[in-house]
1. Which one of these does LEU284 not meet: (1) closer than 22 Å to GLN231 by Cα; (2) under 18 Å from the mean Cα position of the chain (by Cα)?
2. Among the listed residues CYS279, CYS215, which satisfies the condition of being assigned to a loop (DSSP other than H, G, I, E, B), over 30 Å from PRO299 (Cβ atoms) and in contact with an Asp or Glu (Cβ under 9 Å, 6 or more places away or on another chain)?
3. Go through (1) closer than 18 Å to GLU297 by Cα; (2) within 16 Å of ligand 1 (Cβ to nearest atom); (3) in contact (Cβ under 8 Å) with a residue 40 or more places away in the chain one by one and return the number of the condition SER55 breaks.
4. Go through the range 250-271 residue by residue and tally those that are part of a loop (DSSP other than H, G, I, E, B), away from ligand 2 (no atom under 13 Å from the Cβ) and under 19 Å from LEU220 (Cα atoms).
5. Of everything in the range 230-249 that's assigned to a loop (DSSP other than H, G, I, E, B) and touching a helix residue (DSSP H, G or I) at 6+ places or on another chain (Cβ under 8 Å), which residue is farthest from ligand 2 (Cβ to nearest atom)?
6. Taking the conditions exactly as written (farther than 17 Å from LYS97 by Cα, touching a residue at least 60 places away in the same chain (Cβ under 8 Å), over 10 Å from the mean Cα position of the chain (by Cα) and more than 10 Å from ligand 1 (Cβ to nearest atom)), does ALA64 satisfy them or not?
7. If you go through the range 275-328 one residue at a time, how many are at pLDDT 95 or above, among the acidic types (Asp, Glu) and more than 20 Å from ILE84 (Cα to Cα)?
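The values are calculated or read from the model by the stated rules, or taken from the named source; none is laboratory data. Bear in mind the structure is a predicted one, so any value in this text is a computation, not a measurement. No Cβ is skipped: glycine too gets one built from the backbone with ideal geometry, and neighbour counts run over all protein chains shown.
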Amino acid sequence: MKNINEVIVKENYIDPVMDLFSEINKLKKEKNAIILAHYYQEPDIQDIADYVGDSLGLAQKAEATDADIIVFAGVHFMAETAKILNPGKKVLLPDLKAGCSLSDSCPPDLFKRFIDKHSGHLVISYVNCSAAIKALSDIICTSSNARAIVESLPQEQKIIFAPDKNLGGYINRVSGRNMVLWNGACMVHEIFSVSKIIKLKERYPDSKVIAHPECEESVLNIADFIGSTTQLLHFISKNPSQIFIVATESGILHKMQQSAPEKTLIAAPPDNACACNDCPHMKLNTLEKLYLCLRNENPEILLNEGLRLAAKIPIDRMLTLSKELNII
Ligand code: 13P
Ligand code: SF4
């Protein structure tokens, strides 16, 4: 009988001289697989992916694909969303430990009690949450469509917004709503230093500060443009400015620089000694782990069918509303 350590070593063995790019492409064809990657993934993963996008774009691609296997290079809630939309397909995540601090900030039992305390409220949840939170929600949204979805509802509609208090607070301010906010936040988007961004702005007076709405209000207040990752990417290409201070996870600088090579991009400085804005969860995925998960067809996302069906209802509402409101 084989020793368990021997099996694990064999499962994870990669020939050191192997060209991972060509092997991944070969496996993709053989297995009719598609690689979907978020902008926060490392550059090699973005370059080999079939599609790189924001949470909305990735959910839309996952819904439309006819591949047999989806390799989701992102974090757990994203791969889980792909599985909710594709029960018959194999959905793989290169590292099953790739979670999300924002999703973790909203435990289902506490959220259920929170909902019970606010009767008559519609529950809108940001896609950065677990399937169990989705199942407790009426509509899911992403940073691309959150504002439009909220504004499509009657002004007097009472709403709970979860789990991101920063995105919810931003929508409250721009839409004049008074949504009840769950007290969650993203560990990456809460580290930016307003005073250091202001100093950079003084050094580069013609620069534009662009920020993701998961950032704190003090950062959003000094931003020239606020948007989802895709919206930030498009802003850089379209805006005539040459220098941009980017307040979001640093992985997106790769695509930004590819789409606007002539522009200067500066990652917004964090308020700590560490000089990077990397998401530790997103960065758990590597090209090696992506290769192994496609080769071994694991780790796989598996979901209880009842939970999947309940979580799918508010995601379907979001996808339908996004089409109706023409948000891509
Ligand atoms: P978007 O790419 O949808 O803007 O979301 C950002 C994010 O934090 C994903 O974890
Ligand atoms: Fe979650 Fe923030 Fe990382 Fe996105 S950047 S996966 S919201 S912890």
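1. Evaluating LEU284 over (1) closer than 22 Å to GLN231 by Cα; (2) under 18 Å from the mean Cα position of the chain (by Cα) leaves (1) as the failure.
2. Within the list CYS279, CYS215, the selection yields CYS215.
3. (1)
4. Looking only at that region, the number is 3.
5. THR248
6. No; evaluated as a whole, the condition is false for this residue.
7. Qualifying residue count, the range 275-328: 1.
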